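FYI, it's all coordinate maths here, none of it is from the lab. Computed from a predicted model, the values in this text were never measured in an experiment. Methodologically, a virtual Cβ is constructed for each residue, glycine included, from the backbone with ideal geometry; neighbour enumeration extends over all protein chains shown.
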Amino acid sequence: MLVWERPEPQDRPVPAPLSRERIVRAAIRLADADGLDAVSLRKVAAALDVGPMRLYGYIATKEELLDLMVDAVYSEIQPVGDDWREVLHSLAQSIRQAAHQHEWLADLIGGRPQLGPNTLASGEAVLAAMAGVDLDVVVPAVDAVNAYVIGAVRREITERRAERATGMDKTQWQVTYGPYLVRTFATGKFPALSRMVHDGPHLDADQTFRTGLDFLLDGIKARVSG
């Protein structure tokens, strides 16, 4: 029986009350502070001031705990809108916002299917908004949006982590590597790249995400209307 269906043991108020929700919230606090490496059943038990063995009545493995953590965050991802485009846009923005608040989410989304109730509710809202559209369009359209968001979010989180690890933000990186690019482009071997760097738009992360998402939604609209 999966963790979503397995009943919790009856709580014992002494020495400390316990529930799956308390366990998951403690794990999320650890992950938010120090990443997924900080999450283990032993460390979560310590944070809750209980023995590790007490947790096994609620959660059998760390993989179950990670699944529960993802689903808990999906309670924050509830796409809304008056039509399918607004709902898909809301879905994308909500996932991105959640990943910025919980960076570890970027390491877990896009793996095996998530089947928790909050995740299913999010998927239900998206599919309900696309009712009436042929499923041959709906399924790849939703997959494309999810793939775009996962890729964009992972890139952004990777850049954040790199900045923290190196101590170099985007401006400092440009100062450090700019002279090398100037010399390289001066050889004339990379005219297309040189034109892009000199004449192309320089968008920030928010603008890049919104522009790419609009391109994708425009393409979906063409297929829906076709």
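Worth pointing out:
- Rounded to the nearest 20 debye, the dipole magnitude of region 20-73 is 260 debye, with +1 charges on Lys and Arg beta carbons, -1 on Asp and Glu beta carbons, and the Cα centre as origin.
- A Förster distance of 22 Å, applied to the separation of the beta-carbon atoms of Ala222 and Ala192, puts the FRET efficiency at 0.20.
- Quarter of the Cα convex hull surface for region 79-164, i.e. its orientation-mean projected area (nm²): 5.7 nm²
- On the basis of the beta-carbon distance and an R0 of 41 Å, Thr171 and Arg6 show a calculated FRET efficiency of 0.20.
- Here the residues Arg6, Arg183, ranked from fewest to most Cβ neighbours within 10 Å of their Cβ, fall in the order Arg183, Arg6.
- Cα gyration tensor, region 20-73 - rounded (a/c under 1.5), prolate or oblate: oblate
- Cα gyration tensor shape for the chain, rounded if a/c is under 1.5, else prolate or oblate: oblate
- Estimated purely from DSSP H runs of n ≥ 4, each contributing -39500 (n - 2.57), the mean residue ellipticity at 222 nm for the chain is -22000 deg cm²/dmol once divided by its residues.
- Overall, the anisotropy analysis places region 92-226 in the oblate class: the square-rooted eigenvalues a ≥ b ≥ c of its C-alpha gyration tensor yield a/c not less than 1.5, with a/b not exceeding b/c.
- Gained length - Asp199 relative to Gln97, 0.36 nm times residue gap less alpha-carbon distance: 33.7 nm
- Aspartates and glutamates with Cα under 12 Å of Lys221, excluding same-chain neighbours fewer than 8 positions away: Asp83, Glu86
- Computed over the chain: relative contact order in percent, which uses C-alpha pairs under 8 Å that are six or more apart: 16 percent
- Förster-model FRET efficiency, 30 Å R0, Asp34 and Glu76, C-beta, rounded to 0.05: 0.90
- Here the extension length gained between Arg154 and Val139 equals 3.2 nm, from 0.36 nm per residue of separation less the Cα-Cα distance.
- Looking at region 2-85, the chymotrypsin sites (Phe, Trp or Tyr not before Pro) that sit in a DSSP loop and have at most 16 other Cβ atoms within 10 Å of their own Cβ are Trp4, Tyr56.
- Directionally averaged projected area (region 1-100, Cα convex hull): 7.6 nm².
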